[in-house]
Every structure is written in structure tokens, then in C-alpha cells.
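Coordinate-derived values only; no laboratory data. Given the structure is predicted, the values throughout are model-derived calculations rather than measurements. Every residue, glycine as well, gets a Cβ built from its backbone with ideal geometry; the counts of neighbours run over all protein chains shown.
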Amino acid sequence: MKHVLLKRLKCHTDPFLFLDEEESEDWSNRKAQHGRIKYNMRKSLDLEQDGCFLQTGKTASLEECGFNVTAKTIFIIHGWTMSGMFETWMRKLVSAVMQRENEANVVVVDWLSLAQQLYPDAVNHTHMVGSDIAAMLNWLQDEKALPLENVHLIGYSLGAHVAGYAGTFVKGSIGRITGLDPAGPMFEGVEEQKRLSPDDADFVDVLHTYTREALGVSIGIQQAIGDVDIYPNGGEVQPGCGLTDVLSMAGNFMEVMKCEHERAVHLFVDSLMNKEHVSYAFQCTDPQRFRKGICLSCRKNRCNSIGYNARKMRKRRNSKMYLKTRAVTPFGGYHYQMKMHVFDRKHSENADPTFFVKLYGSQNDTGSVPVETADSIGLNHTNTFLVFTEQDIGDLLKIQLTWEGASESWGSMWKNIKKSFMAWNAKPARAILEVRRIRVKAGETQKKYTFCAQDPSQTEISPGDSITYVKCRDGWENMTTPTADMLSQQSS
């Protein structure tokens, strides 16, 4: 009765409401036989080729398609569609999965005719499609003793919630469900029984890439709904998806939304194709703290690989994890937490400095990277901030800290104008601050470094000045942290 009761909870328009378990399964199978839901088992990377169709109850289809019960079984589930056709991301995802897992049974769940509806109608079909997938998996268990722990459902947008329903209705527990920016409208804030949730599989991991609200709704669900919920770039603005980026490619505002929503798929594809360039996310309570560089710890499983390489983690109250990415594939970059105590020396009460850092590594150097803080730089205070580099610079060797001059950018010019106005047009005195050392933690390796001024007598800095820092020792870098070897084991 468990499955029938859950079906009744799923949606107030549930067509299973007055059916017993046997009748409801028969109803679902009839729907599938009417051609509304198809299971296209891929044999070719070319989606233009039909492939082979599995049919619940038709043993011959398993033989015809060469279904291998001992291999992994991966179902890919699309979401709402306006065109009624597979979008280009589907081809990329299917190709990447087949290349990474060349022995797996890769099945595309085609519910296009039910998804090409008004959005509320498509939402109301998700539980029926999920039930149909469960019926297929139940039959495979009965017919071929399919081990559910080898089953992985990957759902995009509405497809993520379809996968959740499949996990609810199936007999047993599916090994893994991955939600790629699960749809937000009509799912945000509802009970767990009506959306993807952690109890729908042994491991539920979710990528959130479009959680910004417009007119009170978010295209992708904002709340954490999995065992691991990863928010690349805070789940908000995705690099390369800005209006100017999209317009430069003859796009429009709808393309901006599509770019950010679909980025979850491309991050997942990236994780399949770039095994040597693993991206890590770090547990944090909110994106603001992450942007301060506070959350780059891997202790007690506080970091995880993203996408296909994500590993199962024990249940915890806070499943949210964050990372920054590049605009193009490979999307992974490198995170550094930096701490520096800024001393007020002279005329600095209203200094409001704009700092830049340049990192010099054993393999590459960065350009000037702005020190981004939520508030102004704190004086007589230890400031913590995050630096992200798009390339691997190797071992960090030295750091150059620059205080931007008054005329070097519009931001600095405006700050200087305000200070001059507040001083009744008197030329402000030259501010002097002091930074004696910078402490650094590399997120990807968990290594810690301390950098001291190359010239110990030159630790004071004013607008337009720079100080170079080189490695030194003060004991902080010896604190115990997980090693780079441990992180590499997580990605294997």
C-alpha cells in the first residue's frame, strides 16, 4: 500500500486516486503502450538514429536492444519543452554518458508529447511519467533481477521531479538520482512528496544554476532538496550567460534564462568529459559567506566533487555547497582563501581602499584580480576574501598586493570625488595602511601558506603603491588539513 498512498499524496489531480495497486500499474502501462512515453536505449551517439525501444512487459525488446543487466543503467529524462523536440543539450549529455560509461545501458526517456503542454499541464504529468519509469524498473527487477543500486536517473528541470516520482513509486531504492537545475515553479516550498527529495534514492545530488527570482518565481528551485545541493556561482549569474554575452551571439533575454538554466547540464557534461580537471564545491551556509572565502574546508567531508564525480555523503542538516566556475569548458577553476590584517597608519579613517592581487605560480601567473568584499575593507581588522583563478598556476610562489590609485578606475575616481567633497574640496591627505603578511589556503589542494613582505621594511601601502610578498613561516601553514592526495582519491 505504501506506493499507492504516496501516489495519492503526490498531486491533488492524481489519476491513481481511485485505483488499487494492480489497476494503477496496468493504467500506466497502457499509457506507455499508447506511445506517449518511450524508452529509447541508445546504441549510437547520433540521436537522429532511432536506437532501440524498451517496452515494459516485452521481453523480446530486452534481447533486441542488448540490455545488459550486470552493467550500470542510466536513464536521462528531459523537462518541459515548447518545441516538442529534443534540444541540443540532450545530444551532448547522451554522448558524454556513453563515452564515459561505454558498457552502460543508456536510456533516453521520451515524454515529449506530455511535456509539450502548458507548463501547469506538463507539471501534472510528471507523476504519471515517474510512475511509468518505476513500472519499467519494477518489471526489469522481476524479469532480469535488475539491481537497483546500479540505476542512475539524471533529470533536467521538470525531468528532475519526474525522477523523484520514479524513486518514490519503485519497489526498493534507486542507487542515485541527479537533478540538473530542477524546476522551481509549482515545486518551490511544497512537501517532499510532491518534488524531488533526499529519500527518493540512496544518493540524491542536485546542481542549482538559475535560482534568481523574476516576478516572484525562480526558473530553477532555490531550496536545497538533495543529499548534496551544489550552487555554482551562488546559483545566480553564470559566467558567459550575461545579457551582453548572449546578445553578442544574436540571442535575446529568453536565451539568457536558457543559458543559465541549462548550465547545469553543461557542468555535468564537463564532469563526464574532463576527468583530469575535477571541480570541487565547498559546504557553506550561504553564498555571502562563501564569497568572503570563509568556507574552503574539506574537513569532515565539507567539500565534494561536482557532477558525475560527486560522491555519496552522510545525511546532514546543511547540504548546500558552493563554487565558482569559468565561462567556458572546462568550467573548473581554482579557489584561494586569503587573510590579511590591515593596520590604519595615517589619514586612513575614510580610506575605503580598492585592492588587487596578482598571484605568481610555478606554472603560470594571474593578471590583477580584484579583492572583492561584501563591505569595505576593515581597518585594524583581519579581512578574509576569496580569489578565483581560471588557470592552474601551480605552486603559489609570491603575491603582489596593489592599492588602486585615485584615477585608475571609475570606482576609485568616484571614491576620491566623494572624499574630496566631504573634506570641503580640500585635497585629502595621503592615506597610509600597513599589511605585514597574507595567509593563503588553496581550496583544491587544502595547502596553507604564509607570505611576508619581500622587503620587511616596506609593509606600508598608499593609493597607487604595490607590495610583493614571498613565502615565510609563522606556524599557521602547519595546521593539520586533508592532503592533496586525499582530495585526488575523492575524485577517482
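Of note:
- Segment residue 372-residue 118, length gained on full extension (0.36 nm per residue, minus Cα span): 87.2 nm
- Other residues within the sphere of radius under 14 Å centred on the Cβ of residue 468, judged by their own Cβ, net out at +1 (K and R +1, D and E -1).
- Karplus-derived 3J(HN,Hα), 6.51/-1.76/1.60, for each residue of the range 101-114, Hz, glycine and proline x: 10, 6, 9, 6, 7, 9, 10, 8, 7, 9, 10, 4, 5, 8
- Shape descriptor for the range 179-307: Rg over Rh equals 0.97 (Cα atoms; Rh from the Kirkwood inverse mean 1/r).
- Once backbone amide H atoms are built at 1.01 Å from N, residue 311 has 305 as its partners under 5 Å, excluding neighbours fewer than 5 places away on the same chain.
- Length gained on full extension, residue 344 to residue 275: 20.2 nm, using 0.36 nm per residue less the C-alpha separation.
- Point-to-point label distance, residue 381-residue 64, nm (Cα→Cβ direction, 7 Å offset): 6.9 nm
- Computed lengthening from residue 328 to residue 465, 0.36 nm per intervening residue step minus Cα-Cα distance: 45.9 nm
- Among 443-449, 226-232, 388-394, the order from most to least packed when residues are scored by Cβ within 10 Å on average: 226-232, 443-449, 388-394
- Ranked by the mean number of other Cβ atoms within 10 Å of their residues, highest first, the peptides 94-101, 160-167 come out as 160-167, 94-101.
- Per residue Cα convex hull volume in Å³ - calculated over the range 32-323: 135 Å³
- The modelled label-to-label distance for the pair residue 83/residue 244, using points 7 Å beyond Cα in the direction of Cβ, is 2.9 nm.
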